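These notes are about the structure you will find just below.
The values are calculated or read from the model by the stated rules, or taken from the named source; none is laboratory data. Bear in mind the structure is a predicted one, so any value in this text is a computation, not a measurement. FYI the Cβ positions are ideal-geometry reconstructions off the backbone, even for glycines, and counts take in every protein chain you see.
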Amino acid sequence: MDEKRMNHLEKNIERISRELERSKIGEYVDLMNNPKRLLYINFVGGLARGLGTAIGLTILAAVFFYMLQKTVDLPLIGKYIAELIDIIENNR
């Protein structure tokens, strides 16, 4: 009976070991123990996200204004914006 329990226990330990290895928890612990590397990785990731956001919004705005230019008379919109700016400046 004890040998059967030992075999079952060994199999469970091996399974847990494989799952821990697959989850790469060791790499995570190494990263947490190296704050400089963690800051560097997060800094580069933040730069990439910021650059991607800026490029994406620029392209989206360009497409929006291109479509707006084709559908609406922009000098008409400019007239309303100029009136709005005049109202704001007069209230200062």
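Restricting attention to segment 24-37, does a residue exist that is of a type in the set (A, V, I, L, M, F, W, C), in contact with a helix residue (DSSP H, G or I) (Cβ under 9 Å, 6 or more places away or on another chain) and part of a helix (DSSP H, G or I)?
yes
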Hits in segment 23-34 (condition: loosely packed, with under 10 Cβ neighbours inside 10 Å and at pLDDT 90 or above)
33
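Kindly indicate which of 76, 68, 20 is exposed (fewer than 10 other Cβ atoms within 10 Å of the Cβ), modelled with pLDDT under 90 and of a type in the set (A, V, I, L, M).
76
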